[in-house]
Each structure stands twice: as structure tokens, then as C-alpha cells.
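What follows is a short report on a single structure.
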Amino acid sequence: MNFLTVEKNYLQVLSAWRRDFHQFPEPGWLEFRTSAIIAEKLEALGYDVYVGKEIVNGVSLGVPGKELAEVFYNKALDNNVSSKWLEKMEAGKTGVIGIFDTGIEGPTIGYRVDIDALPILESSDEKHVPQKFNFRSQNEGFMHACGHDSHATIGLGLADQLMKVKDKLCGKIVLIFQPAEEGVRGGSAIVSSPLLDNIDYLCALHIGTGVPKGTFVAGVDGFLATSKFDVTIRGVAAHSGVNAEKGKNALLASAQAVLALHSLPPHSEGVARVNVGTLEAGSGRNIIPSIAKMQLEIRGETTAINDFYEERVHQIFNGIAAMYDVQVKLDKVGYALSIPSDQQLARILNDTAKLQQSLNEVIEYKNFKAGSEDATFLMQKVQQQGGLACYSIIGTNLAAGHHHEEFDIEEEDMLFALEIWLNVPFKIYEELKVNA
């Protein structure tokens, strides 16, 4: 197999796209501008393009409120984004799928990237590269602090480069620009789309995550499964000095719940984590608190372990409701599975990456019991339909850790990832003995 390379000066194109996305970060389910720009570019390249309402078939969890949605929709309008694409979107229905059907018999190969940002105020320190080179976030309080701007760029670069060799392709190419990965909300909402049926090979990718620069991990054996909950506990307010006995204390109920959640035992079959990240309650020192709100998550090494703790969460809050005579509203606002990469596809990616001259190390398969990823919904669908799915990691030097206000990547690593993905179809054809 002759390894296709991309001209080094193409990095200027990638950097320009990435820096544009970085300047205008949009949180999950509100990626109006990002989706529209991607759709516009894909259509110009010759892809069949589907956007927002055309691809989100399932329930959209954790959709931001109307006020914030209007802010980001109007920001997209102010950026002169085509109404052609905006009309196909609304809060909870964003994202893009681009499909190129060669008309020649062959496999359907899918690539998935995520496109959303985080609610983080980006650093304005002059040493911070986006600040120094004038592409810091213009949406104050939101930031691409996990590399999804680079993921979207890699996906667009791949779309462009594949069209330059389209006469050598066969089968179909499916490019998935998934919304709302943060909070693991988007994967479950788009997975039922018929546009994602019958994919034979699915590749997903992340930049960084502790993998050193010059290293490519072809496949990981599964992220942690997870469930995210927003909880509201409602009691009854009362004067703490006059008639405290008439109150129903939501603060005490929530505190008891936190202690119970963090007292859950470890699981004998694998890693498990429980964390209450926020807790708000009460309105004044002389008032029995009538409302408490919390955000919590659980994670498990396997989906079965995660399900075990999810059941315990429900049991705890049922007990709290009875113990304190309060009402509990438990909203599941995101979740993801634990799905291992297929080793057969990991080997194909591994063998492809070894032809990339700029890498120092290629790791075929690695244990990765760390964060969570909702690409696992798409991976599961492909695997259940008889296809192969694989999640890869491209290393880079990070200015700061993921979800940090000074997060930044080294842009040249986008080019290395792009070249690997560009060559994957031809390695698959070689394996299948397909002559395009």
C-alpha cells in the first residue's frame, strides 16, 4: 500500500479552520454556527449533507434552556451563517452528517468527531497561545478546552482530502460531526438515525488525553460507562425559630443523600466512581430550606457495573424521600456505554499509522479506563450490525490538562491524525482485496 501524504502547507488551512472554531465555541446542543459552517463546506465539497433535525432521531438529554439557546442562535445569525442550515436546527437538534456514495460496490466507512465546547472562561494570560495569537474565545464563559475544535477540523480536512482521491474510493464514506459529547448527551440521540445504518467500519478519535506527542494509540479497550443526573429535592419552608416542626428540610435531605452516595461500596468486578459535583440549598439562616439541587455522576468499568450503581442511586433517593417526607425529581441528563474497540480494526489502524513517518510510536491496543465517551453508542450500533468500530488517540503536547482554562494543543498533530484516517480506506480495501 502506498501511503498518501498531505502537503505540509495544508497545516495552514487546518490551523485557520481550527482557530475559527476556537474563537466561537458553542456548548452542546447549541452548535448552530459550528454545524452550519461544517455543512456549508461539506456541501461545497460534494457530500450529501444532513443537519440537525435530519439526524437527531432520539431523545436529546440535557438541552440548555431557551434563553441561552436564543443567545447562541442569534450569535450564529450575527456571524452571517446561512439561514438554509439554521432552519434545520434548534436547541437539542444540531450536528452534521456528510455522506459520499461512490456508486461503486465496497464497504461503508464512517468517521466520527465531536464539535461542542465547555462552559469554561478561557485564560487571557499573554502566554496562552490563543490569547497571544488572537484566537481566544469570543464567547465569554465558553471555551474549546477539550480539543473538539481540532476534532472538527480533522473531520473537515479528511472530507477535503478524500475528495481529492475520490476516483480511488469505493463504497460509501460517512462523516459524523456529533453534537453534545460533553455531558455524554449526543451519541444516544443520533444513534437511531437510519443514516448510520449498515456502517461496516467506524473510526472515532480524540487528541491528547495524556498520550505523548508523536504517539498514536490505534484502539482502546473501552471508556468508563457513565450516567449523569440532575436532582431536585422539594420540601416545605418554615420559620426556624417559630414553627420549625412544620418544615420539611430539603437541605438535610440532600446532605443525607450525598453521604449515602459517597458511602456506596466499591465493586468487586471493576472500577467504579461516584461524585456529587454541585449542591445548592437554602435561602436564609432562619428559614427551613424548602429546595435543594445537586448534580452527580456515576461511572463504571463496564456498563453492567454502571447499571448496578444507577439502581443504587434510585434506591437512595427513594429512601431519602420517605425519610424526610420530601419530593425528589431525578433527571438523567446524559449517559454513555463502555464498548471496547475491535482488535481487528485496531490492527488495520495500527498498520496504517506505522506508515506515517512523523510518529515515534504506534500502540495497537491499550487499556484506557479513564474518562467516558458517547461515541460508544455509535460503536455499539456498528458492532451489533456486524461491523467493526475503533476509538483511537493521537498524542500531542498540551499547554494544560483537558477542561482547563489554559488548554491548548500543538496544531501539527492534526495533520498526522488526518493522514492516518485518509489512508484507512485503502488499507481496508487491501484487506478486502477490493479494487476501486
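The values are calculated or read from the model by the stated rules, or taken from the named source; none is laboratory data. Note that this is a predicted model, so its numbers are computed, not measured. Don't worry about glycine lacking a Cβ; one is built from the backbone with ideal geometry, like all the others, and counts go over all protein chains shown. Keep in mind that these areas ignore ligands, DNA and RNA; they rest on the heavy atoms of the full protein, side chains included. Shrake-Rupley method; radii C 1.70, N 1.55, O 1.52, S 1.80 Å.
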| query | If you take the residues of region 51-87 that are among the hydrophobic types (A, V, I, L, M, F, W, C) and open to solvent by 70 Å² or more (accessible area, probe 1.4 Å), which of them is farthest from Ile173 (Cα to Cα)? | reply | Leu77
| request: Test Glu430 against the criterion of being under 21 Å from Gln161 (Cβ atoms) and not hydrophobic (A, V, I, L, M, F, W, C), and give yes or no. | output: yes
| note | Selection over region 88-105 where residues are open to solvent by 10 Å² or more (accessible area, probe 1.4 Å) and at positive phi yields a count of 1
| said: Among the residues in region 296-309, are any hydrophobic (A, V, I, L, M, F, W, C), surrounded by 19 or more Cβ atoms within 10 Å (Cβ to Cβ) and under 30 Å from Gly65 (Cα atoms)? | reply: yes
| Assuming Lys213 fulfils every condition listed in (1) assigned to a strand (DSSP E or B); (2) closer than 30 Å to Asn360 by Cβ apart from one, which condition is it? | (1)
| said: Tell me whether region 262-269 contains one or more residues that are assigned to a helix (DSSP H, G or I) and under 24 Å from Gly62 (Cα atoms). | reply: no
| field | Whichever residue in region 106-136 is in a loop (DSSP other than H, G, I, E, B) and hydroxyl-bearing (Ser, Thr, Tyr) and, among such residues, is most open to solvent (accessible area, probe 1.4 Å) | value | Ser124
| task | Please give the number of the condition Ala272 fails out of (1) surrounded by fewer than 19 Cβ atoms within 10 Å (Cβ to Cβ); (2) within 30 Å of Val220 (Cβ to Cβ). | result | (1)
| request: Could you pull out the residue among Ile199, Ile207 that is in contact with a helix residue (DSSP H, G or I) (Cβ under 7 Å, 6 or more places away or on another chain), within 25 Å of Ala400 (Cβ to Cβ) and β-branched (Val, Ile, Thr)? | output: Ile207
| task | Test Glu67 against the criterion of being in contact with a helix residue (DSSP H, G or I) (Cβ under 9 Å, 6 or more places away or on another chain), among the acidic types (Asp, Glu) and either part of a loop (DSSP other than H, G, I, E, B) or more than 19 Å from Ser193 (Cα to Cα) (or both), and give yes or no. | result | no
| task | Please identify the pairs in which a residue from region 5-24 that is among the hydroxyl-bearing types (Ser, Thr, Tyr) has its Cβ atom under 9 Å from the Cβ atom of a residue that is open to solvent by 70 Å² or more (accessible area, probe 1.4 Å) and part of a helix (DSSP H, G or I), counting only partners at least 6 apart or on another chain. | result | Ser15/Glu412
| query | Does Gly187 meet the test of being small (Gly, Ala, Ser), open to solvent by less than 10 Å² (accessible area, probe 1.4 Å), part of a helix (DSSP H, G or I) and under 23 Å from Phe229 (Cα atoms)? | reply | yes
| task | Could you grab me the full set of residues in region 388-436 that are more than 23 Å from Leu169 (Cα to Cα) and without any contact (Cβ under 8 Å) to a residue 40 or more places away in the chain? | result | Ala400, Gly401
| task | Mind listing whichever residues of region 27-60 are closer than 22 Å to Arg185 by Cα and among the acidic types (Asp, Glu)? | result | Glu31, Glu54
| query | Is it true that some residue in region 155-162 is open to solvent by less than 10 Å² (accessible area, probe 1.4 Å) and under 21 Å from Ala69 (Cβ atoms)? | reply | no
| field | Residue under evaluation Glu7, criteria (1) open to solvent by less than 60 Å² (accessible area, probe 1.4 Å); (2) in a loop (DSSP other than H, G, I, E, B), criterion not met | value | (1)
| request: Kindly indicate whether any position in region 68-77 is at pLDDT 95 or above, β-branched (Val, Ile, Thr) and touching a Cys at 6+ places or on another chain (Cβ under 9 Å). | output: no
| field | Tally of residues being open to solvent by 10 Å² or more (accessible area, probe 1.4 Å) and part of a strand (DSSP E or B) across region 224-241 | value | 6
| One residue from Gly183, Gly219 being under 21 Å from Ala370 (Cα atoms), within 13 Å of the chain's Cα centre (by Cα) and small (Gly, Ala, Ser) | Gly183
| message | If I filter region 34-41 for residues that are assigned to a helix (DSSP H, G or I), over 20 Å from the mean Cα position of the chain (by Cα) and surrounded by fewer than 20 Cβ atoms within 10 Å (Cβ to Cβ), do I get at least one hit? | response | yes
| message | List the residue pairs whose Cβ atoms are under 8 Å apart, where the first residue sits in region 277-305 and is among the aliphatic types (A, V, I, L, M) and in a helix (DSSP H, G or I), the second is open to solvent by less than 30 Å² (accessible area, probe 1.4 Å) and modelled with pLDDT of 95 or more, and the two are 6 or more positions apart or on different chains. | response | Ile305/Ala225
| message | Among the residues of region 43-50, are any farther than 28 Å from Arg136 by Cβ, surrounded by 18 or more Cβ atoms within 10 Å (Cβ to Cβ) and hydroxyl-bearing (Ser, Thr, Tyr)? | response | yes
| request: State the number of residues belonging to region 81-105 that are modelled with pLDDT of 95 or more, in a loop (DSSP other than H, G, I, E, B) and not basic (Lys, Arg). | output: 10
| query | Would it be correct to say that Leu45 is farther than 30 Å from Asp331 by Cα, touching a residue at least 60 places away in the same chain (Cβ under 8 Å) and of a type in the set (A, V, I, L, M, F, W, C)? | reply | yes
